[in-house]
Amino acid sequence: MRADIFLAENGYAKSREEAKRLIASGGVVVNGKTLTKPSSQIDGETPPEILITAERSKYVSRGGLKLEKAIDVLGLDPAGADAVDIGASTGGFTDCLLKHGARRVRAVDVGRSQLDGTLKNDPRVISYEGMNARYIGPEDIGGKCTLAVCDVSFISLALIFPAVRRILEPDGVFAALIKPQFEAGRANIGKNGIVRSRAVHAEVISRVLSDATVNGLHCRALTVSPIEGGDGNREYVAVFDGGVTCGTISDSLIRRVTEGTLDSVFASGRGQYNDLT
């Protein structure tokens, strides 16, 4: 059996994604030999001696750590929420929401058979597979939500905002991962798909926040993701209010976040800066 499948199915990893990460870090030793590939074979008939030396994620995927920062630093509160996870994939955001008290999570993804088995079997989770979030409405997912979260790839958030507005209660809250590599345009993407220019990062964020405002979503807080994306790109987490018109986050403050002199910024009246200087 493939090593990543064996580890996930036998409780050594929370998901195949986590198993792959553990193997890639050199943190899985089977019968005294360090595994180097997820496709390595493990004989399930003879009980192997398995040692996990790498640190395991607290969520089914590392994506949960990104949303966790919005909770810990930006004041996002999932407790009691009826939530929708757009671009759920393995379920890192869904897992994070549940661990922080969400009442229900509707996990939406255009793909199929990606959601971690523990989440798929959790009665608090409803999985909507093969569903393009760009076109969803409340009638597609059993009604509106009080909280929506989003981690999507290969699409601009500008195309997601109208759907978010449709499914979100008037006073709901939205948290999204901003990925410059899918917002900047090909001319700004360098080798290996990395957007290195911090000026481009700032331009992308400003445009995303403006697009959100047009759709009635007002950014109340912004922070740097605590970990890079899987491709090595720096990413950002933003929290939006659906029913409260808050002050704006200035371009100068956005630049300070992208340049690394501020970790987090808040719209006027919503909090205070978290300064790194």
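The values are calculated or read from the model by the stated rules, or taken from the named source; none is laboratory data. Keep in mind that this is a model prediction, so the values were computed, not measured. We place every Cβ from the backbone using ideal geometry, glycine too, and count neighbours over all the protein chains shown.
For this structure, a couple of remarks:
- Filter result (loosely packed, with under 12 Cβ neighbours inside 10 Å and within 25 Å of G91 (Cβ to Cβ)) within the stretch 12-52: S25
- Of all residues in the stretch 85-134, exactly one satisfies the criterion of being aromatic (F, W, Y) and either more than 18 Å from the chain's Cα centre (by Cα) or in a helix (DSSP H, G or I) (or both), namely F93.
- Number of positions in the stretch 212-247 that are crowded, with 17+ Cβ neighbours inside 10 Å and polar (S, T, N, Q): 4
- Considering the conditions (1) at pLDDT 95 or above; (2) within 14 Å of E17 (Cβ to Cβ); (3) touching a strand residue (DSSP E or B) at 6+ places or on another chain (Cβ under 6 Å), A83 is excluded by exactly one of them, (2).
- The stretch 55-67, subset without any contact (Cβ under 8 Å) to a residue 60 or more places away in the chain and surrounded by 16 or more Cβ atoms within 10 Å (Cβ to Cβ), residue farthest from K14 (Cα to Cα): G64
- One residue alone among D171, D95 is of a type outside the set (A, V, I, L, M) and buried (at least 23 other Cβ atoms within 10 Å of the Cβ), and that residue is D95.
- Any pair with Cβ under 6 angstrom, 6 or more apart, that starts in the stretch 214-238 at a residue that is farther than 14 Å from L177 by Cα and ends at one that is basic (K, R) and modelled with pLDDT of 95 or more: N215/R165; G216/R165
- Being within 21 Å of the chain's Cα centre (by Cα) and modelled with pLDDT of 95 or more is a condition met by at least one residue of the stretch 244-256.
- Strands (runs of 3 or more DSSP E) wholly inside the stretch 168-277 containing at least 1 residues that are in contact with a Ser or Thr (Cβ under 9 Å, 6 or more places away or on another chain) and closer than 19 Å to F93 by Cα: 168-178, 218-224, 236-241
- Taken over the stretch 4-48, the residue count meeting the criterion of being in contact with a helix residue (DSSP H, G or I) (Cβ under 6 Å, 6 or more places away or on another chain) and farther than 17 Å from G230 by Cβ is 6.
So that you can scan it fast, the table gives a plain yes or no per residue for (1) of a type outside the set (A, V, I, L, M, F, W, C); (2) surrounded by 19 or more Cβ atoms within 10 Å (Cβ to Cβ):
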position: K99; (1), (2): yes, no
position: A107; (1), (2): no, yes
position: N132; (1), (2): yes, no
position: D140; (1), (2): yes, no
position: K144; (1), (2): yes, no
position: V149; (1), (2): no, yes
position: V152; (1), (2): no, yes
position: I155; (1), (2): no, no
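- Among residues of the stretch 12-32, those that are of a type in the set (S, T, Y) and over 12 Å from T53 (Cα atoms), counted: 1
- Of all residues assigned to the stretch 72-84, at least one qualifies as being buried (at least 20 other Cβ atoms within 10 Å of the Cβ), in contact (Cβ under 8 Å) with a residue 12 or more places away in the chain, assigned to a strand (DSSP E or B) and assigned by TED's automatic domain parsing to the domain that holds G130.
- Residues (of a type in the set (S, T, N, Q) and either more than 21 Å from the chain's Cα centre (by Cα) or on the phi > 0 side of the Ramachandran plot (or both)) located in the stretch 159-209: N188, N192, S197
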